[in-house]
Number of protein chains: 2
Amino acid sequence: MKGIADVARLAGVSKSTASRALTGTGYVSDETRLRVATAARSVGYVPSASAVSLASGRTSTVGVIMPGVTGWFFAEVLEGIQESLLEAGLDLALYDARVGTRGRDRIFDDFLARQRFDGLIAVGIDPEDRELERIYALNRPVVSIASGGFPDDIAIDDVDVARRATEHLIGLGHHHILFLGGGDGGRWSHVERHRFEGYQATMDAAGARAEHAQCGESLPAGYAAAADLLSDLRTRPTGIVAVSDEVAIGAIIAARRLGIGVPHDLSVIGVDDHEYAEMFSLTTLAQDPRAQGALAVEVLLERLADPDAPVPVVAPQARLIVRNSTAAPAG
Amino acid sequence: MKGIADVARLAGVSKSTASRALTGTGYVSDETRLRVATAARSVGYVPSASAVSLASGRTSTVGVIMPGVTGWFFAEVLEGIQESLLEAGLDLALYDARVGTRGRDRIFDDFLARQRFDGLIAVGIDPEDRELERIYALNRPVVSIASGGFPDDIAIDDVDVARRATEHLIGLGHHHILFLGGGDGGRWSHVERHRFEGYQATMDAAGARAEHAQCGESLPAGYAAAADLLSDLRTRPTGIVAVSDEVAIGAIIAARRLGIGVPHDLSVIGVDDHEYAEMFSLTTLAQDPRAQGALAVEVLLERLADPDAPVPVVAPQARLIVRNSTAAPAG
């Protein structure tokens, strides 16, 4: 069987460069990595992951912890992360930490402590204090996306997007605008909380009354909550700022079922630019979670290369996309 | 620092049992594992994953390969797998192998060969011959879900569910029934192909003409394809057998936009029991992908414990749920 020396010779690089390229830690140029990988394949060399790990002190794996993968945002972020990790030759260990499950406790109590990863990406986990302590106790680089509790969190400015969404409706002439989302089962994620605050401050500044309807973070939850609040003609708002596109689309489906015209009788604006947004002509503040996943990997790789170097995180921007779910109020 | 001997003593088990319990390979009783884990926590013992892996020849990790995580079926399967792996103390390494991407090639050419897992679960990957060869060359237990090409695949009987869906519409009095799904960009997954065959055979047996409209595997794709085929009143079918609930729901949304009443003017039946199915009153053949993920882990753990023992796979059953998207044709 051929060894690393054969690979290095064929690729025309040093043994240590070949080793770095093959362990996939990503600190060699793409061109070199490709040359070494090609050489390794042509001599039939496959490094043993366990041996690599012990020798280098690295697992060549990045842990990703997120509360489930069924929401659009999380699935998109995960695909963005995976794509970049594949590119860098790194494995992805997934930890699905849904709030309030025994699995989440086991992840924080047992799984993380095994340190089967070089670094961790936390996505939308809204950690409790003791969970945050567990993560910091690992003493590994951590990058977070929309997670709350971490410095340098990669996220759009949630207060600001809700402000812009609310101002869009106010600019069209709406006064009776309701915020749909958050507070489901008495619980607010920090994203929901920030978006509500942005809405509330904007309503206050405009001298309009803030109004909230609680709602879970899914399309069916938006449907159910909206079906409820829209059925009473006397209290029905003319505009809805939804916490997310999934909730907004649920509200549009509910409105249509009730014979309420969107945007004629009701304007709805969301946040995300979900893959269904165009289908429902939804006006929204667009973000790109796939790019946020890629950015998290990039920042993590830089921190792995030099834990002490400051890595400035450029905050992702949201972009207003005006479609046909918002218009001036009727009459 | 306390060692494995301290843990074993405190838990009242042998060192080898404590080791097995802590490496999380799952061949000890739940009660013992809990006792050992509690003992380990109380003495502050955390095994080094790399050392464990080299010593036991095991990684305590299960690889999961699937074409993306954004579809409902894949996200649900992944959560079912994750939940069971957490329960068994095993890590999950995710390989996102979307068809036609460079990432997919890298996974099959480089990532799998590193063998950073004890066994592999393949979900819906429809492997090409050379991909299948790569997987078998690993010489590790593999369990597949809805994947095609593998023996003992865990899946509902796709030919049969389409037969039952078609018979449901025929039984209501429909003759002009179209199959929506598959063939997008000239490509058929084996699931799409089998469902179309079940539909076609049932139409043939009923003396009715089979009719197909190609469509990608997503809700927006179902919407776009249905908007197209439903806009011509002369050729419009009275019933649609959709390849999946996502496609069926897209078709219902398109019908509503066109003012076509469901089920009065058009009956639509799907396969899945997607989380939106109830919201759209969708009649469907229900399956439980989360349970399929859990079953795959169970089978894999048995094969890891004894690679030669036959593990009979009990095929998951689909269940007809009649809601309000299907009815006798008008007139």
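The values are calculated or read from the model by the stated rules, or taken from the named source; none is laboratory data. Remember, it's a predicted structure, so these values are computed and weren't measured experimentally. We place every Cβ from the backbone using ideal geometry, glycine too, and count neighbours over all the protein chains shown. What goes into the accessible areas is simple: the full protein's heavy atoms, side chains included, and nothing from ligands, DNA or RNA. Shrake-Rupley method; radii C 1.70, N 1.55, O 1.52, S 1.80 Å.
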**Item:** Residue within region B:312-331 that is surrounded by 18 or more Cβ atoms within 10 Å (Cβ to Cβ), part of a strand (DSSP E or B) and more than 13 Å from chain A (Cβ to nearest Cβ) present
**Value:** no
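Among B:VAL241, B:VAL271, which is the only one that is more than 17 Å from B:TRP72 (Cα to Cα) and either in contact (Cβ under 8 Å) with a residue 40 or more places away in the chain or not assigned by TED's automatic domain parsing to the domain that holds B:GLU167 (or both)? Break it down stepwise before answering.
On the way: B:VAL271 fails: more than 17 Å from B:TRP72 (Cα to Cα).
From the options B:VAL241, B:VAL271, the qualifying one is B:VAL241.
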**Asked** If you scan region A:212-229, which residues turn out to be surrounded by fewer than 17 Cβ atoms within 10 Å (Cβ to Cβ) and away from every other protein chain (no Cβ under 14 Å)?
**Response** A:HIS212
**Request:** Just one of (1) touching a residue at least 40 places away in the same chain (Cβ under 8 Å); (2) under 23 Å from B:ARG209 (Cα atoms) trips up B:ASP228, so point out which.
**Result:** (1)
**Fill in**
From the option list A:ASP152, A:ASP160, single residue qualifying as surrounded by fewer than 22 Cβ atoms within 10 Å (Cβ to Cβ), closer than 30 Å to A:ARG140 by Cβ and touching a residue at least 24 places away in the same chain (Cβ under 8 Å) is A:ASP152
**Prompt:** Which one of the conditions (1) buried (at least 20 other Cβ atoms within 10 Å of the Cβ); (2) more than 29 Å from the chain's Cα centre (by Cα) does A:LEU285 fail to meet, given that it meets all the rest?
**Reply:** (2)
**Item:** Criterion (of a type in the set (Val, Ile, Thr), under 23 Å from B:ASP184 (Cβ atoms) and either over 16 Å from the mean Cα position of the chain (by Cα) or open to solvent by 10 Å² or more (accessible area, probe 1.4 Å) (or both)) met by exactly one of B:VAL123, B:VAL99
**Value:** B:VAL99
**Message:** Name the residue that is surrounded by the most Cβ atoms within 10 Å (Cβ to Cβ), counting only residues in region B:293-311 that are in contact (Cβ under 8 Å) with a residue 12 or more places away in the chain and assigned to a loop (DSSP other than H, G, I, E, B).
**Reply:** B:VAL311
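Under 19 Å from A:ASP273 (Cα atoms), of a type in the set (S, T, N, Q) and touching a residue at least 40 places away in the same chain (Cβ under 8 Å): does that describe A:THR202?
Values: under 19 Å from A:ASP273 (Cα atoms): no; of a type in the set (S, T, N, Q): yes; touching a residue at least 40 places away in the same chain (Cβ under 8 Å): yes.
In short, no.
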**Complete:** Taking region B:110-168 and the residues there that are in contact with an Asp or Glu (Cβ under 6 Å, 6 or more places away or on another chain) and at pLDDT 95 or above, the one that is nearest to B:ILE65 (Cα to Cα) would be B:SER144
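For region A:173-286, list the strands (runs of 3 or more DSSP E) that sit wholly inside it and hold at least 2 residues that are of a type outside the set (A, V, I, L, M) and in contact with a helix residue (DSSP H, G or I) (Cβ under 8 Å, 6 or more places away or on another chain); which are they? So that I can check it myself, show each step before the final result.
Working: elements: A:177-183, A:212-215, A:239-242, A:267-272, A:283-286.
Filter on region A:173-286 gives A:177-183, A:212-215, A:267-272, A:283-286.
Any chance you could count how many residues in region A:239-267 are open to solvent by 30 Å² or more (accessible area, probe 1.4 Å) and among the hydrophobic types (A, V, I, L, M, F, W, C)? Quick ask: steps written out before the conclusion?
First pass over region A:239-267, keeping only residues open to solvent by 30 Å² or more (accessible area, probe 1.4 Å): A:256-259, A:262, A:264-265.
Imposing the further condition that a residue be among the hydrophobic types (A, V, I, L, M, F, W, C) reduces the set to A:258, A:262.
Looking only at that region, the number is 2.
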**Prompt:** For A:VAL46, are the conditions met, namely being surrounded by fewer than 24 Cβ atoms within 10 Å (Cβ to Cβ), within 11 Å of another protein chain (Cβ to nearest Cβ), at pLDDT below 80 and in contact with a Ser or Thr (Cβ under 6 Å, 6 or more places away or on another chain)?
**Reply:** no
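Can you pull out the residues in region A:90-104 that are part of a strand (DSSP E or B) and of a type in the set (A, V, I, L, M, F, W, C)?
Initial filter on region A:90-104 (part of a strand (DSSP E or B)): A:91-96.
Matches in region A:90-104: A:LEU92, A:ALA93, A:LEU94.
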**Fill in**
Scanning region A:105-159 for residues that are within 24 Å of A:ALA286 (Cα to Cα) and part of a helix (DSSP H, G or I) gives A:ASP158, A:VAL159
**Prompt:** Consider B:ARG116 against the criteria (1) surrounded by fewer than 18 Cβ atoms within 10 Å (Cβ to Cβ); (2) within 13 Å of chain A (Cβ to nearest Cβ); (3) among the charged types (D, E, K, R): it satisfies all of them except one. Which criterion is unmet?
**Reply:** (1)
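Give me the residue from region B:69-89 that is outside any helix (DSSP H, G or I) and either of a type outside the set (Val, Ile, Thr) or surrounded by 21 or more Cβ atoms within 10 Å (Cβ to Cβ) (or both) and, out of that set, nearest to the other protein chains (Cβ to nearest Cβ).
Restricting attention to region B:69-89, the residues satisfying the condition of being outside any helix (DSSP H, G or I) are B:69-71, B:89.
Still in the running and either of a type outside the set (Val, Ile, Thr) or surrounded by 21 or more Cβ atoms within 10 Å (Cβ to Cβ) (or both): B:69, B:71, B:89.
Working: B:VAL69: 5, B:GLY71: 9, B:GLY89: 7 Å.
Across region B:69-89, the extreme among qualifying residues is B:VAL69.
Could you check region B:183-193 and list, in sequence order, the residues that are under 17 Å from the mean Cα position of the chain (by Cα) and either open to solvent by 70 Å² or more (accessible area, probe 1.4 Å) or more than 20 Å from B:ILE145 (Cβ to Cβ) (or both)? Quick ask: steps written out before the conclusion?
Going residue by residue through region B:183-193, those that are under 17 Å from the mean Cα position of the chain (by Cα) are B:188-193.
The answer is B:ARG193, and nothing else.
If you scan region A:126-139, which residues turn out to be open to solvent by 50 Å² or more (accessible area, probe 1.4 Å) and within 13 Å of chain B (Cβ to nearest Cβ)? Spell out the reasoning first.
Our first condition is that a residue be open to solvent by 50 Å² or more (accessible area, probe 1.4 Å); within region A:126-139, this holds for A:128-130, A:133-134, A:136-137, A:139.
The answer is A:ARG134, A:ALA137, A:ASN139.
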**Prompt:** Looking at region B:84-91, is at least one residue within 19 Å of B:ASP152 (Cβ to Cβ) and modelled with pLDDT of 90 or more?
**Reply:** yes
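If you take the residues of region A:94-109 that are of a type outside the set (Ser, Thr, Tyr) and farther than 12 Å from A:MET66 by Cβ, which of them is farthest from the other protein chains (Cβ to nearest Cβ)?
Our first condition is that a residue be of a type outside the set (Ser, Thr, Tyr); within region A:94-109, this holds for A:94, A:96-100, A:102-109.
Narrowing the set further to residues that are farther than 12 Å from A:MET66 by Cβ leaves A:100, A:102-103, A:105-106, A:108-109.
On the way: A:GLY100: 14, A:ARG102: 8, A:GLY103: 4, A:ASP105: 10, A:ARG106: 6, A:PHE108: 11, A:ASP109: 7 Å.
By that ranking, first place goes to A:GLY100.
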**Prompt:** If only one of A:ARG236, A:ARG290 is open to solvent by 30 Å² or more (accessible area, probe 1.4 Å), over 20 Å from B:ARG256 (Cβ atoms), more than 15 Å from the chain's Cα centre (by Cα) and not aromatic (Phe, Trp, Tyr), which one is it?
**Reply:** A:ARG236
